[in-house]
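The values are calculated or read from the model by the stated rules, or taken from the named source; none is laboratory data. Keep in mind that this is a model prediction, so the values were computed, not measured. Positions of Cβ are backbone-derived with ideal geometry, glycine not excepted, and every protein chain shown enters the neighbour counts.
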Amino acid sequence: MIRGINHVTLSVSDIDRSFAFYRDVVGLRPIARWARGAYFLAGDQWIALSLDAATRMGALAEYSHLAFDVSPADFDSAAAAVRDSDATVFKENRSEGASLYFLDPDGHKLELHASTLEARLAAMQAEQWDDLELFEL
């Protein structure tokens with residue numbers, strides 16, 4: 001049975017640039033680094049960067065993205081770090097909770113999000129999303 005997400009790996013075109021971005025801008029904690037990659041912790045989750053010549057050259061048109069959990073008390077300073085880095089903001093927040101949607105140097109879509117699953121589900125119910133079906137947690 002699945003216990004959770006083990007790790008997420010992102011292909012990058014420049015390990016030095018991406019290492020600095022995820023450490024200094026996103027605020028992830030570096031755990032290991034080598035010539036072709038790096039590991040970071042995002043809370044209890046493991047994020048890997050892997051140098052890859054086939055890495056995308058910009059953002060994909062689709063909405064797929066990776067959201068990082070930020071406490072409401074820390075959201076403004078985390079968002080300021082992203083904005084100060086000149087990272088591209090790709091979407092304005094229209095959902096509950098504070099969010100900032102931005103791109104990493106290779107165009108991976110990322111989000112800082114200061115809310116919970118429970119708050120999202122409550123907002124969906126209150127807004128009466130079409131054909132909403134909730135299951136037991």
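The combined condition, being among the acidic types (Asp, Glu), under 17 Å from Thr55 (Cα atoms) and not in a loop (DSSP other than H, G, I, E, B), is fulfilled by Asp16.
Got a number for residues in segment 21-31 being farther than 11 Å from Leu49 by Cβ and part of a helix (DSSP H, G or I)? Summing the residues that are farther than 11 Å from Leu49 by Cβ and part of a helix (DSSP H, G or I) in segment 21-31 gives 2. Within segment 1-37, being within 16 Å of His108 (Cα to Cα) and aliphatic (A, V, I, L, M) holds for Val8, Leu10, Val12, Ile15, Ala20, Val25, Val26, Leu28. Out of Ala87, Ala79, Ala67, one residue alone is surrounded by 12 or more Cβ atoms within 10 Å (Cβ to Cβ) and assigned to a helix (DSSP H, G or I). It is Ala79. Among residues of segment 27-58 being under 16 Å from Ile5 (Cα atoms) and small (Gly, Ala, Ser), the one that is modelled with the lowest pLDDT is Gly43.
So is Val25 assigned by TED's automatic domain parsing to the domain that holds Met124 and in contact (Cβ under 8 Å) with a residue 24 or more places away in the chain or not? So Val25 does not fit the description; no. With the requirement that a residue be of a type in the set (Lys, Arg) and touching a residue at least 40 places away in the same chain (Cβ under 8 Å), what does segment 90-137 give you? Within segment 90-137, just Lys109 meets the criteria. Could we say that Gly97 is within 22 Å of Val12 (Cβ to Cβ), of a type outside the set (Asp, Glu) and outside the structural domain of Leu28 (by TED's automatic domain parsing) here? Considered against the rule, which asks whether it is within 22 Å of Val12 (Cβ to Cβ), of a type outside the set (Asp, Glu) and outside the structural domain of Leu28 (by TED's automatic domain parsing), Gly97 comes out as no.
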